[in-house]
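Novice: Once you've had a glance at the structure underneath, I'll fire off some questions.
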Amino acid sequence: MYNLLKGKRGIIFGALDENSIAWKTAERVHAEGGKFVLTNAPIAMRMGKINELAEKTGSEIIPADATNLEDLENLIVKAQEVLGGKLDFVLHSIGMSVNVRKKRHYTDQNYDWTHKGWDVSAVSFHKVMQTLYKQDAMNEWGSIVALTYMAAQRTFPDYNDMADNKAYLESIARSFGYFFGTDKKVRVNTISQSPTPTTAGQGVKGFDGFIAYADKMSPLGNASAQDCADYTVSLFSDLTRKITMQNLFHDGGFSNVGVSNAVMEQFVGEE
Ligand code: NAI
């Protein structure tokens, strides 16, 4: 480890179990000397798993529904009290679509569910940043990261309304990134991650085919949750201070490949 986050304070949203990208990130941030508060929706706390992570990393847990402004205000005030100052990093690792969960096809949406999924998966990022901004809770040269998926740019039919939520989320990173950069010297980026076997990932129909295909298409293979944790640490560190308002592909090269030989072989056989 390199002590890249020594003396830095932050909040990590979205660690549900040991497969979660946020879980792996929390462990890696801890190993790099960062201190943080863990948070998740009150219902996710019922699983109790997050207590293990808190113990392991010497962190406090402050529950917050990321769609609820009062919860977020309380979280951000308390996190600064617990950690002893303003924040240097925030990870938004939150996603959920009710249409996906309840297997409603994209062409047959229940719009109450569409609205709920949009609020949880996209607008919550705005709510988190607006609350941080209004409380002036970020230190200069701090870093805010959210996780996204390439379905925001290209169609993956079973990704359903999450594709639209991710497009909205990426846009919020650019729009808020402007104001956070100009006014507070804080950077805001999204990481567009490979398919990853987590609770949220496996909720997508046909996930096994999806992840195997991506792996065969990517010259470096899929990026794992652990790889994502490493990348996020670099974005929280002082080594990436001028990167902002970007959607950063972290996918083993998938996004720039038209077709790979490994995939082509499935159609024509080996030559
Ligand atoms: P996960 O299921 O472990 O994490 C999702 C988290 O969102 C959970 O901890 C859940 O409790 C939390 N959450 C849901 N509703 C919430 C609310 N109202 N308030 C606060 N938290 C809430 O799954 P994963 O994969 O680690 O997801 C993290 C992020 O990575 C998500 O944004 C997801 O879309 C994104 N991502 C995942 C990929 C994958 O294939 N797993 C690929 C690309 C991006």
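The values are calculated or read from the model by the stated rules, or taken from the named source; none is laboratory data. No experiment lies behind these values; they were computed from the predicted model shown. We place every Cβ from the backbone using ideal geometry, glycine too, and count neighbours over all the protein chains shown.
Novice: Among the candidates Ile172, Ile144, which residue alone is in a helix (DSSP H, G or I) and in contact with a strand residue (DSSP E or B) (Cβ under 9 Å, 6 or more places away or on another chain)?
Specialist: Within the list Ile172, Ile144, the selection yields Ile172.
Novice: Does Ile11 fit the bill of being β-branched (Val, Ile, Thr) and either in a strand (DSSP E or B) or out of contact with any Phe, Trp or Tyr (no Cβ under 9 Å at 6 or more places or on another chain) (or both)?
Specialist: Against the criterion (β-branched (Val, Ile, Thr) and either in a strand (DSSP E or B) or out of contact with any Phe, Trp or Tyr (no Cβ under 9 Å at 6 or more places or on another chain) (or both)), Ile11 qualifies.
Novice: Between a residue in segment 67-95 that is under 19 Å from Ala15 (Cα atoms) and any residue that is within 16 Å of the ligand (Cβ to nearest atom) and modelled with pLDDT under 95, which pairs come within a Cβ distance under 7 Å, given they are 6 or more apart or on different chains?
Specialist: Gly95/Ala200
Novice: Identify all residues within segment 1-16 that are surrounded by fewer than 19 Cβ atoms within 10 Å (Cβ to Cβ) and modelled with pLDDT of 95 or more; write none if there are none.
Specialist: Narrowing segment 1-16 to residues surrounded by fewer than 19 Cβ atoms within 10 Å (Cβ to Cβ): 1-4, 6-7.
Within segment 1-16, Asn3, Leu4, Lys6, Gly7 qualify.
Novice: OK, next. Which one is modelled with the lowest pLDDT among residues in segment 35-52 that are near the ligand (Cβ under 9 Å from one of its atoms) and crowded, with 17+ Cβ neighbours inside 10 Å?
Specialist: By that ranking, first place goes to Ala44.
Novice: Could you say which residue among Phe176, Phe125, Phe156, Phe180 is modelled with pLDDT under 95 and within 24 Å of Ile21 (Cβ to Cβ)?
Specialist: Sole residue among the options that is modelled with pLDDT under 95 and within 24 Å of Ile21 (Cβ to Cβ): Phe156.
Novice: For segment 247-271, enumerate the residues that are of a type in the set (S, T, N, Q) and either more than 21 Å from Leu169 (Cα to Cα) or modelled with pLDDT under 95 (or both).
Specialist: Asn256, Ser260, Asn261, Gln266
Novice: Now, a different point. Does segment 1-16 hold any residues that are away from the ligand (no atom under 14 Å from the Cβ), closer than 15 Å to Leu91 by Cα and not aliphatic (A, V, I, L, M), and which are they?
Specialist: The answer is Lys8, Arg9, Gly10.
Novice: Here's another thing I want to ask about it. So which helices (runs of 4 or more DSSP H) stay within segment 53-118 end to end and still have 3 or more residues that are surrounded by 19 or more Cβ atoms within 10 Å (Cβ to Cβ) and of a type outside the set (Val, Ile, Thr)?
Specialist: Values: elements: 69-83, 98-101, 111-118.
Once the helices (runs of 4 or more DSSP H) in segment 53-118 are filtered for at least 3 residues that are surrounded by 19 or more Cβ atoms within 10 Å (Cβ to Cβ) and of a type outside the set (Val, Ile, Thr), what remains is 69-83.
Novice: Starting from segment 196-214, take each residue that is within 13 Å of Arg101 (Cα to Cα) and list its partners that are among the hydrophobic types (A, V, I, L, M, F, W, C) and near the ligand (Cβ under 7 Å from one of its atoms), counting only C-beta distances under 6 angstrom and pairs at least six apart or across chains.
Specialist: Thr199/Leu16
Novice: A further question on this structure: Looking only at segment 17-34, filter to residues that are surrounded by fewer than 22 Cβ atoms within 10 Å (Cβ to Cβ) and near the ligand (Cβ under 9 Å from one of its atoms); which one of those is farthest from Met47 (Cα to Cα)?
Specialist: The qualifying residue farthest from Met47 (Cα to Cα) is Asn19.
Novice: For segment 199-246, which residues satisfy the criterion of being touching a helix residue (DSSP H, G or I) at 6+ places or on another chain (Cβ under 7 Å), modelled with pLDDT under 95 and within 21 Å of His92 (Cβ to Cβ)?
Specialist: Matches in segment 199-246: Gly201, Gly203, Val204.
Novice: Can we say Ile94 is within 10 Å of the ligand (Cβ to nearest atom), under 22 Å from Arg28 (Cα atoms), of a type outside the set (Phe, Trp, Tyr) and touching a strand residue (DSSP E or B) at 6+ places or on another chain (Cβ under 8 Å)?
Specialist: When the stated conditions are applied, Ile94 passes them.
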